[in-house]
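**Q** To start, I am sharing the structure in question, which I have written as structure tokens.
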Amino acid sequence: MVSLQAIWRHPDDLYPMVKLKLAARRAEKQIPAEPHWAFCYSMLHKVSRSFALVIQQLDTDLRDAVCIFYLVLRALDTVEDDTSISMEVKVPILMAFHRHIYDREWHFSCGTKDYKVLMDEFHHVSTAFLELGSGYQEAIEDITMRMGAGMAKFICKEVETIDDYDEYCHYVAGLVGLGLSKLFHASGKEDLASDALSNSMGLFLQKTNIIRDYLEDINEIPKSRMFWPRQIWSKYVNKLEDLKYEENSVKAVQCLNDMVTNALVHVEDCLKYMSALRDPAIFRFCAIPQIMAIGTLALCYNNIQVFRGVVKMRRGLTAKVIDRTKTMTDVYGAFYDFSRMLKSKVDDADPNAKKTKENLEAILKICRDSGTLSQRKSYIIQSKPQYNATLIALIFIILALLLAYLSATRPTNI
Ligand code: IN0
């Protein structure tokens with residue numbers, strides 16, 4: 001639930017939030033009639049709320065392929081993450097997953113909650129997969145095979161060096177970038193992007209998730225695997241979990257800043273990848289998660305809260321990003337503003353301050369050289385909200401209309 005206090009502090013979040021809520025309602029009502037597609041799209045909405053909306057905006061063929069790709073990857077992830085499965089059982093499943101997707105009879109029960117349903121009823125995903133065009137099927141099969149093998153390799157291997165970290169992120173996210181580039185190309189809407197740029201798109205997202213999720217992952221019971229590379233954290237503490245203890249706060253933040261500096265290296269490639277996209281829906285699909293990632297890094301940088309609780313972009317800002325990201329001008333504008341925000345947080349006493357500033361300067365230069373910054377709508381760095389009677393009245397009218405609409409259109413059953 002979004003608090004009234006949050007709306008009071010950021011009144012201009014309200015309109016995009018209402019718009020997003022209505023779009024989500026509309027999308028949930030547009031679930032296809034055939035049972036296997038109905039299962040896939042309702043599962044997509046359950047496992048990824050806002051991202052499902054962005055997928056839904058793609059053209060039909062590509063949308064179906066991306067939906068299935070997403071679910072196959074979530075299923076593979078569910079097998080990888082389930083600590084109750086022994087290695088002897090897990091490894092062969094991961095290695096053969098690319099064949100299981102062709103088999104309507106195959107299923108393997110694991111995971112919890114929505115993921116358990118996804119695994120138990122995986123035949124719906126296979127059935128839908130078999131209806132995709134062969135170009136889409138081949139891309140999904142190839143990436144599933146390579147990802148499964150990569151995950152199997154890392155089941156019994158710790159992330160020690162920065163090279164290990166990049167390799168692991170390549171398997172679980174970089175390959176997603178390669179797969180998506182193949183799907184975009186197969187749709188006939190885009191040229192085939194290079195593997196290196198596609199890989200960076202995934203690495204930037206995944207490294208941001210790994211940084212943001214430190215506390216959630218370290219506190220997981222049963223103990224989950226950690227992906228912060230020893231080569232980085234061992235400069236600051238003896239054990240990775242020591243970062244969460246108050247007495248190590250200074251070291252923890254320095255380590256966090258080191259991780260953020262490492263992630264920033266991928267931004268240049270990401271901007272290059274996005275600037276080559278031509279289809280507006282594909283562009284939005286790629287750009288929204290990237291802006292969310294740089295926004296999350298800006299929030300996390302130098303922020304001890306990463307080791308104390310959840311650090312996430314507020315819902316209103318997410319809604320604004322989804323509403324306002326349309327062109328490369330918006331992307332350069334957002335990357336510029338978030339990088340400036342990040343730069344303003346760099347403390348010269350931080351051991352990586354010089355490197356962090358260099359990485360940020362390189363990003364700021366690319367954004368400036370685009371020549372589009374003067375056209376940007378700066379929704380990130382804002383002055384204090386200005387209230388007047390009209391605005392307050394408007395907020396209450398919108399809220400009343402929204403409540404009336406939501407209660408009139410509340411679904412009766414599923
Ligand atoms: C994704 C990526 C994703 C989208 C667009 C282009 C990409 C290019 C290369 C690699 C990945 C790309 O985006 C999603 C975003 C997402 O799921 N967001 C969550 C929010 C959150 O906080 O987790 C949501 O619920 O809205 C993403 O994170 N991943 C992903 C997975 C499959 C596909 Cl097809 C696309 C996961 C990951 C591991 C980063 C690749």
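**Q** For segment 30-55: of the residues being of a type in the set (S, T, N, Q) and within 13 Å of the ligand (Cβ to nearest atom), which is nearest to V321 (Cα to Cα)?
**A** S50
**Q** Quickly run through segment 84-98 and pick out the residues that are under 27 Å from the mean Cα position of the chain (by Cα) and not small (G, A, S).
**A** Passing the criteria: I85, K90, V91, I93, L94, M95, F97, H98.
Every residue, every condition in (1) surrounded by 14 or more Cβ atoms within 10 Å (Cβ to Cβ); (2) assigned by the TED database to the domain that holds L62; (3) at pLDDT 90 or above, yes or no:
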position: M1; (1), (2), (3): no, no, no
position: Q5; (1), (2), (3): no, no, no
position: H10; (1), (2), (3): yes, no, no
position: L14; (1), (2), (3): yes, no, no
position: K21; (1), (2), (3): yes, no, no
position: M43; (1), (2), (3): yes, yes, yes
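**Q** Check whether at least one residue in segment 241-255 is modelled with pLDDT of 95 or more, outside the structural domain of N302 (by the TED database), more than 10 Å from the ligand (Cβ to nearest atom) and in a loop (DSSP other than H, G, I, E, B), and report yes or no.
**A** No; the residues of segment 241-255 include none that is modelled with pLDDT of 95 or more, outside the structural domain of N302 (by the TED database), more than 10 Å from the ligand (Cβ to nearest atom) and in a loop (DSSP other than H, G, I, E, B).
**Q** Moving to a separate point now. Does A96 satisfy being buried (at least 20 other Cβ atoms within 10 Å of the Cβ), in a helix (DSSP H, G or I), in contact (Cβ under 8 Å) with a residue 24 or more places away in the chain and more than 10 Å from the ligand (Cβ to nearest atom)?
**A** Judged against the criteria, A96 is not a match.
Yes/no matrix, rows are residues, columns are (1) in contact with a Pro (Cβ under 7 Å, 6 or more places away or on another chain); (2) assigned to a helix (DSSP H, G or I); (3) crowded, with 17+ Cβ neighbours inside 10 Å:
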| position | (1), (2), (3) |
| --- | --- |
| V321 | no, yes, yes |
| D330 | no, yes, yes |
| D337 | no, yes, yes |
| L342 | no, yes, yes |
| P351 | no, no, no |
| E358 | no, yes, no |
| K365 | no, yes, no |
| R368 | no, yes, no |
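**Q** Another question about this same structure. Taking segment 153-191, which residues are farther than 30 Å from T60 by Cβ, over 19 Å from the mean Cα position of the chain (by Cα) and surrounded by fewer than 22 Cβ atoms within 10 Å (Cβ to Cβ)?
**A** Result: K153, F154, I155, C156, K157, E158, E160, T161, I162, D163, D164.
**Q** Now for a separate question. Quick test for you: out of A75, A27, pick the one residue that is closer than 30 Å to L399 by Cα, in contact (Cβ under 8 Å) with a residue 24 or more places away in the chain and within 16 Å of the ligand (Cβ to nearest atom).
**A** Result: A27 is the single residue among A75, A27 that is closer than 30 Å to L399 by Cα, in contact (Cβ under 8 Å) with a residue 24 or more places away in the chain and within 16 Å of the ligand (Cβ to nearest atom).
**Q** Shifting gears a bit: Can you find a residue in segment 110-122 that is more than 19 Å from D82 (Cβ to Cβ) and away from the ligand (no atom under 12 Å from the Cβ)?
**A** No, the conditions are met nowhere in segment 110-122.
**Q** Let me spell it out: the conditions are (1) in the same structural domain as R74 (by the TED database); (2) loosely packed, with under 15 Cβ neighbours inside 10 Å; (3) closer than 29 Å to L271 by Cα, and S134 meets all of them except one. Which number is the exception?
**A** Unmet for S134, out of (1) in the same structural domain as R74 (by the TED database); (2) loosely packed, with under 15 Cβ neighbours inside 10 Å; (3) closer than 29 Å to L271 by Cα: (3).
**Q** Does segment 287-296 contain any residue that is over 13 Å from the mean Cα position of the chain (by Cα) and at pLDDT 95 or above?
**A** no
**Q** Starting from residues that are at pLDDT below 95 and either within 8 Å of the ligand (Cβ to nearest atom) or closer than 18 Å to F39 by Cβ (or both), keep the ones in segment 56-68 and report whichever is surrounded by the fewest Cβ atoms within 10 Å (Cβ to Cβ).
**A** Looking at residues that are at pLDDT below 95 and either within 8 Å of the ligand (Cβ to nearest atom) or closer than 18 Å to F39 by Cβ (or both), I get T60.
**Q** Can I ask one more? Of the residues L215, L197, L192, only one is outside the structural domain of S84 (by the TED database), farther than 18 Å from H98 by Cα and not in a helix (DSSP H, G or I); which?
**A** Just a single option satisfies the conditions, and that option is L192.
**Q** Going by the structure shown, is G309 touching a residue at least 12 places away in the same chain (Cβ under 8 Å) and in a helix (DSSP H, G or I)?
**A** no
**Q** Test A263 against the stated conditions and say whether it is surrounded by 21 or more Cβ atoms within 10 Å (Cβ to Cβ), at negative phi, within 16 Å of the ligand (Cβ to nearest atom) and within 20 Å of the chain's Cα centre (by Cα).
**A** yes
**Q** Considering only residues that are within 21 Å of the chain's Cα centre (by Cα) and small (G, A, S), which ones fall in segment 111-138?
**A** Hit for segment 111-138 is G111, nothing else.
The values are calculated or read from the model by the stated rules, or taken from the named source; none is laboratory data. Because the structure is predicted, anything quoted here is derived from the model rather than measured. So basically every Cβ, Gly included, is an ideal-geometry build from the backbone, and we count neighbours across all protein chains shown.
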